[in-house]
1. List the helices (runs of 4 or more DSSP H) that sit entirely inside region 206-324 and contain at least 2 residues that are under 20 Å from the mean Cα position of the chain (by Cα), closer than 27 Å to PRO184 by Cβ and touching a residue at least 40 places away in the same chain (Cβ under 8 Å).
2. Looking at TYR110, is it open to solvent by 40 Å² or more (accessible area, probe 1.4 Å) and closer than 28 Å to ILE265 by Cβ?
3. Based on what the data block shows, is THR174 in contact with a helix residue (DSSP H, G or I) (Cβ under 7 Å, 6 or more places away or on another chain) and either farther than 18 Å from ASP250 by Cβ or among the hydroxyl-bearing types (Ser, Thr, Tyr) (or both)?
4. Is it true that some residue in region 247-266 is under 26 Å from THR174 (Cα atoms), of a type outside the set (Val, Ile, Thr) and open to solvent by 40 Å² or more (accessible area, probe 1.4 Å)?
5. How about region 38-79: which of its residues are modelled with pLDDT under 95, open to solvent by less than 20 Å² (accessible area, probe 1.4 Å) and either out of contact with any Leu (no Cβ under 8 Å at 6 or more places or on another chain) or not in a helix (DSSP H, G or I) (or both)?
6. Any idea which of (1) open to solvent by less than 80 Å² (accessible area, probe 1.4 Å); (2) out of contact with any helix residue (DSSP H, G or I) (no Cβ under 7 Å at 6 or more places or on another chain); (3) among the aliphatic types (A, V, I, L, M); (4) more than 23 Å from VAL113 (Cα to Cα) is the one LEU287 doesn't satisfy?
7. Just need a number here: residues in region 134-171 that are in contact with a helix residue (DSSP H, G or I) (Cβ under 9 Å, 6 or more places away or on another chain), more than 30 Å from PRO106 (Cα to Cα) and hydrophobic (A, V, I, L, M, F, W, C).
8. Looking at region 96-115 only, could you name the residues that are more than 25 Å from ALA188 (Cα to Cα) and not charged (D, E, K, R)?
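The values are calculated or read from the model by the stated rules, or taken from the named source; none is laboratory data. Everything numeric here is computed off the predicted structure, so don't read it as measured data. Cβ sites come from the backbone with ideal geometry, for glycine too, and all protein chains shown count toward neighbours. The accessibility values were calculated without ligands, DNA or RNA, using every heavy atom of the protein model including side chains. Shrake-Rupley method; radii C 1.70, N 1.55, O 1.52, S 1.80 Å.
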Amino acid sequence: MNTAMRRLRHALLVSLVLPALALAQSYPTRPVTLVLPFPPGGLVDLVARRVSQKVSDDLKQPIVIESKAGGGGTIGPAYVKGAAADGYTLLMANNSTQAINVSLMPKLQYDPVRDFAPITMLVSTSHVLVVPQASPAKSVGSLIALAKASPQGLTYASAGIGGGGHLLGEMLKTDAGIELHHVPFKGAAPAMIEVLAGRIDLYFEAVALAVPRVKEGRIRALATSARKRLPLLPEVPTMAEAGFPNVQADAWFALFAPAGTPPAIVRRLNGAFGAALRDPEVARPLLENGLELIPGTPEKLGATVSADIARYGKLIRAIGATAE
């Protein structure tokens, strides 16, 4: 390569790198909106509020949390898909909205891979199979017997179509050979209200939201979907221990931006959210709520989304789950 060509190449690199560096250094100059696809009171809301204050301090701009619930978690992602790709509108979503809905909803109004720039994974959790405190079921076995003895079967709640609670309910229905009727709600909070009132027979709820109510004696935990017993509920068996090893699924929560967001901004956000999760004051309450902290690279999140679309697609076809 001659001197002229080297100079031209250097000039081109400088022209590309310097604006990106300047963008990363100046971003953000105004508040950032963090869109949640579920209503307040659920696990996504808990994680967002725990992490956002630390990130706001890092970015030196407010993080405005905005709930856009409905449509089985599809309204929030569809909204962020259409937002400007400038780093000022972000999406905190889960494997339901970004991986499961692809197979459940043929008319999904966004493509989880094409329409979003992955930023970072945040946390993951398993689920707890709970029943109302007044339920006669004291174990998974007695719950199965109760369902088989009921002419109409039993009802199970979920925080929305396609979520972990929905799929786990369908897995139990198939593996146990019982009649279960899905009752989806617009989020975890309204679902739990019905369980607490005894109007729903069972519910696979995220650990963070189930444990406090179990400890208070307001609901009864029969099993967890975790691979091993949870430190927060050491006396509660896993679904595998209860005789149903195939009834297992974790939920993850992650951060996305609209596709086309500059890589420099993606890296800035990745660093800020990763640092927040490593802060002991942020991490402690999340860990105490049974969450696993799993920040990582944008590339790793993108690979996880693609892999889960394939994995859950196979599962959904096998159990015949659909978005009613």
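1. Details: elements: 207-215, 263-278, 280-288, 298-319.
Helices (runs of 4 or more DSSP H) meeting the threshold: 207-215, 298-319.
2. Criteria not met by TYR110.
3. Numbers: in contact with a helix residue (DSSP H, G or I) (Cβ under 7 Å, 6 or more places away or on another chain): yes; either farther than 18 Å from ASP250 by Cβ or among the hydroxyl-bearing types (Ser, Thr, Tyr) (or both): yes.
So THR174 fits the description; yes.
4. Yes, the conditions are met somewhere in region 247-266.
5. Within region 38-79, GLY42, GLY70, GLY73 meet the criteria.
6. Among (1) open to solvent by less than 80 Å² (accessible area, probe 1.4 Å); (2) out of contact with any helix residue (DSSP H, G or I) (no Cβ under 7 Å at 6 or more places or on another chain); (3) among the aliphatic types (A, V, I, L, M); (4) more than 23 Å from VAL113 (Cα to Cα), the lone unmet condition for LEU287 is (1).
7. 5
8. Residue satisfying the conditions is VAL113 alone.
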